[in-house]
Structure formats: structure tokens, C-alpha cells
1. Expressed in nm to one decimal, what extension gain is obtained for the pair Thr230 and Ser87 from 0.36 nm per residue of sequence separation less their Cα-Cα distance?
2. Order the peptides 252-261, 132-141 from the highest to the lowest mean number of other Cβ atoms within 10 Å of their residues.
3. Helix 251-265 versus the longest principal axis of the chain: what is the Cα-based angle in degrees, 0 to 90, to the nearest 10?
4. Does segment 17-171 come out rounded, prolate or oblate, given a ≥ b ≥ c as the square roots of the eigenvalues of its C-alpha gyration tensor, rounded meaning a/c under 1.5 and, failing that, prolate meaning a/b above b/c?
5. Based solely on its DSSP helices, what 222 nm [θ] is calculated for the chain when runs of n ≥ 4 H residues each add -39,500 (n - 2.57) and the sum is averaged over all residues, nearest 500 deg cm²/dmol?
6. Report, to one decimal in Å, the Kirkwood hydrodynamic radius for segment 240-312 based on all distinct Cα pairs.
7. Out of Ala10, Leu33, Phe46, whose Cα points farthest toward the positive end of the dipole of segment 1-108 (charges: +1 Lys, Arg; -1 Asp, Glu; placed on Cβ)?
8. Can you tell me the alpha carbon radius of gyration of segment 107-235 divided by the globular rule-of-thumb value 2.2 N^0.38 Å?
Amino acid sequence: MDIYVSGSLAIDRIMNFPGKFQDHILPEKIHILNVCFLVNGLEERFGGTAGNIAYSLALLEEKPHILSTAGKDFNAYKEWLTKHGLSLDSIRFVDDDFTASAYITTDMGDNQITGFNPAAMNNPCGFDFSGLDAANSVGIVSPGNLEDMMNFPAEYRKLGLPYIFDPGQNTTAFSAEQLLSAIDGSAMLTTNDYELELIMNGTGLDEAGLLTKTKMLVTTLGEKGCRVTTADSVLEVPAVKASTVADPTGAGDAFRAGLLKGLSLGANMETCCRLGATIASFCVERKGTQEHTFTKVDFIRRYEDAFGTCPF
């Protein structure tokens, strides 16, 4: 089955400040803030919702299409994707701008100051949907270019291709009408519990109302696992215990990769969520969103320890 993953490709540039921000900010001078933090070097990591989901799918032996944009500084990321067998054919390259990037500085109190430059992500990816085999495909619309996030659901509905709408951190960027338009006709709406509240508050619809627009709500609940809500039932799937928790960032994208793997296998939703929970447990064990890795044997062993027979 073909898997279409739309969203962002981003480079995270991570810095650590060996002190506390609060010691360098004078509250009485906050109106003329002018500070400089001397950091301990810089780490560069690959990220973005589409990149993260595609990477985890590659670990699950899938080769999704990445519908996104990248800039003139993408060479190292390009090599990383190619190394993992991922195609670049659906990525639009913007030669006169940078790849979207986040500049994250963390102090000794785990406080963060982040600057995010959308750069190439300001451009829609321009993917051509003609010739797509909708009967043998599934898609996910995750946070990325806002125009793509609104247009792709319409394209998928026109083609009859089942898709997941996953607005994530971009939820508040859309009006109620835009959100409902994207959700309407989707196979599922995936959010965490906070994002679901934002959507309900923004649209004025409760869960029952949203389920008149989408077939199901898949809500992640952190260490409590996830909940799948349909018009007829509520299913709860527990999280899988990680050996250690180094960084929860990216766990949601890893979970979505498991969902898509399950859908590509024709599995039921309980199995799809179990796959998502298993891969998320590997993700949180490492700092960064594409730093986790495992063999097929490792994955199957952890899945079966938690849930029983693995579907592949």
C-alpha cells in the first residue's frame, strides 16, 4: 500500500545554556529586554512532522511518499533520508530559501527559548495527485504548510483516498470553518487530549459532533496510552513501557507512523494503536525525533511482550 505523508521537514538546532535564564533577565527592565546567552556548542538534528513520521515508517520497512518542502541547506538531511531508503521525489526544493528550522536553547532549569523559521515551508509542496491509486493508498495530513493542510483533504476526498487529519501545533492557525472542512470526510482525526479540547472549543462541537464529520477520534494521552472514539464505542490502548524516558518529543509522530503501518496491513484499530504505542516507546528512549532505531526482531519482541502476537 502507498502511504502519503504530508507535513514539515525541519532542522532542529539545539543549544544548552549552562545557567538559568532568570538570572540574566531583570524584571524591571523587561520592556527593553536585550540579552545574550553564551551556549555550550550546538547540535543539529533532523525533524519536522513529515520527516519524523516517514523515518519511523522506514524503520517498519515502509517507503512512504514525503509531501513537503525543503531549502538550500538540505543536503545532509537528504543523505539521511536516502540512507533509510526514503524517496525525495515528492519533496519540493526551494533553492532561494532555507529549510524550516527551529533554534532551541535550553537552560539548566529545563526552560526553553525557541525561534522557528518556516522558510521553505512557507511554500506549498505542489504535489501532483494525478495517477494516484486511491484504492491502494492511505494519507496523513500533519502540521506543515497551511495551504497544503487545507488543500490536501479536499484532494483526498475527491480521489476517495482515506486520510488522517492531524492538525497538531497548527490547530490554532485555522478558523472553525477551515478545521471542519479538513476534518469532514476524514478516516480519523488524530490529536493529543489538549489539541482535541482546542478543536472542540474552536469549532463549538463536542466529540459526538466531531464524529458526524470523521469516522473516529484517536486521542493520545501520553503515558496513559491512547483512546479511540467512534459513534458506537470507546477503545483504550495502554502505552508500552520504555526502558528509559530521555525525551518525549517526537513520540506523537512515531505513534502516527505505527497507525499508518497498521492501516497498510489492513489491521483493526486496536492493533494499529498497539503498533503506534510500541514504536513511540522506542522514540522516547533517545533525545531527538529521529534518533531511535531498532531491528524487526527488537520491535516484534517488545510488541509481543506488551500485547501478544505481532501482526507482521
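1. The Thr230-Ser87 span can extend by a further 48.0 nm.
2. So the order, starting with the most tightly packed, is 252-261, 132-141.
3. Approximately 20 degrees, to the nearest ten.
4. Cα axes put segment 17-171 in the prolate bin.
5. -9500 deg cm²/dmol
6. When all Cα pairs of segment 240-312 are included, the Kirkwood radius is 12.0 Å.
7. Leu33
8. Cα-based Rg divided by the globular estimate yields 1.15.
Each reported figure results from applying straightforward, stated rules to the coordinates on display, with no laboratory input. As the structure is a prediction and not an experimental result, all values here were calculated from the model. Don't worry about glycine lacking a Cβ; one is built from the backbone with ideal geometry, like all the others, and counts go over all protein chains shown.
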